[in-house]
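Take a look at the structure below.
Read the figures in this text as sums done on the coordinates, not as results from a lab. All figures in this text were calculated on a predicted structure; none of them were measured in a lab. Here the Cβ positions follow ideal geometry from the backbone for every residue, glycine too, while neighbour counts run over all protein chains shown.
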Amino acid sequence: MKIRKVVFPVGGLGTRFLPITRAIPKEMLGIIDKPLIHYAFEEAMAAGIEQFILVTRHGKNSIEDYFDYMFTHSRHFNIKMGSVCYVRQNEPRGLGHAVLCAKNLIGDEPFAVMSADDFILHDKSCIGEMIACYDGSNMAAVATVPREEVSKYGILDVESESGRLVVAKSVDEKPSVDAAKSTHAIVGRYLLSPKVFEVLINLKPGVGNEIQLTDALLEMIPSTGLTGFKFEGQRFDCGSKEGLLDAILHVACLDRSLKCVIENFRGN
Ligand code: G1P
């Protein structure tokens, strides 16, 4: 099924990176010479996505400036005029609320959602591989996480598994270690039915008093289904200092000249 549009929620506060995020959006933090949002954009482009919708807010103008730069170098980045648009999320009310802000720009077609701070290092586009398997049910990329980390994620309750696909019978946002039904955690790649907007618009705030996308996915399981996609490649939580540093080191190791710097550092 063709997916033409992606939503990038970039309105988060980035509190784990204070004080730098007072002036620089977390999506503009760099892995060597490219900001996180650029990697997410490349992954979406490689998947054949044509329309990029950024849900932004006050203080995030450098993201728009960066895309202006990409337009002025459009041949290099293969980006087309009119393919990027912006909508404001006036209050930080959670991922579900951010997705809802894009409702009028999505219309009535299935779409992708990608969190730039979930960086996936792989030679194939993760969202592209998900699109290749998409059958109309809501889909989220999943990774197995250590049990002590389940409270950071949406966690699936698994009905059945077949190859890279996991059919969920339930999903729980940030459960306690004891309550978690599995260690299959959602990471920031989703393919969603446009029916999600009808659910989000009526959703009560959940964990953290935020409108949670996970709660909408749970409500839609009986009608639309929810499939987890076990992706390949290495995922880094670049919303945390440890994850960002780990990603930088891994990317540097793929570059001969930078790898020398790491080896010299290790030798010291
Ligand atoms: C969000 C989602 C959560 C998901 C996570 C992946 O949480 O609510 O279900 O597992 O992204 O990164 P956040 O990290 O915004 O708290």
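Details
- Diffusion constant of region 114-267 at 4 °C, which comes from Stokes-Einstein with the Kirkwood Cα-pair radius and 1.567 mPa s, µm²/s: 77 µm²/s
- Percent RCO, i.e. relative contact order, over region 110-248, from Cα pairs under 8 Å lying at least 6 residues apart: 36 percent
- By the count of neighbouring beta-carbon atoms within 10 Å, fewest first, 49, 31, 155 end up ordered 31, 49, 155.
- A Förster distance of 35 Å, applied to the separation of the beta-carbon atoms of residue 77 and residue 198, puts the FRET efficiency at 0.50.
- Peptide packing for 8-15, 56-63, 158-165 was compared via the average number of neighbouring C-beta atoms within 10 Å per residue; ordered from the highest value, the list is 8-15, 56-63, 158-165.
- About the Cα centre, charge dipole magnitude for the chain (Lys/Arg +1, Asp/Glu -1 at Cβ), debye: 420 debye
- Packing-based exposure ordering (other Cβ within 10 Å, fewest first) of 237, 108, 246: 108, 246, 237
- Sorted largest first, extent of the chain alpha carbons per principal axis (Å): 54, 43, 36
- q = 0.20, 0.21, 0.29 Å⁻¹, region 75-141: log10 I(q)/I(0) [Debye, one scatterer per Cα]: -1.19, -1.26, -1.31
- Of 103/230; 152/195; 34/174; 34/124; 2/80, those spanning more than 24 Å from alpha-carbon to alpha-carbon: 103/230; 152/195; 34/174
- Sorted by Cβ neighbour density within 10 Å, fewest at the top, the residues 258, 54, 218: 258, 218, 54
- Most tightly packed first, judged by the mean number of other beta-carbon atoms within 10 Å of their residues, the peptides 34-44, 69-79 read 34-44, 69-79.
- Spin-label pair residue 133-residue 32: with each label point 7 Å from Cα along the Cα-Cβ axis, the two points sit 2.9 nm from one another.
- Mean separation of Cα contacts under 8 Å, 6 or more apart, over the residue count of the chain: relative contact order %: 23 percent
- Principal axis analysis of the Cα atoms in region 215-268 yields extents of 58, 21, 13 Å, listed in decreasing size.
- Extension gain, residue 232 back to residue 104 (0.36 nm per residue minus Cα-Cα distance, nm): 42.8 nm
- Packing, as the average of other Cβ atoms within 10 Å across residues, places the peptides 225-236, 93-104 in the order 93-104, 225-236, highest first.
- Between residue 245 and residue 20, the modelled label-to-label distance comes to 1.1 nm, taking each label 7 Å out from Cα in the direction of the beta carbon.
- Computed FRET value (nearest 0.05) for residue 264 with residue 209, which takes r as the C-beta separation and R₀ as 41 Å: 0.30
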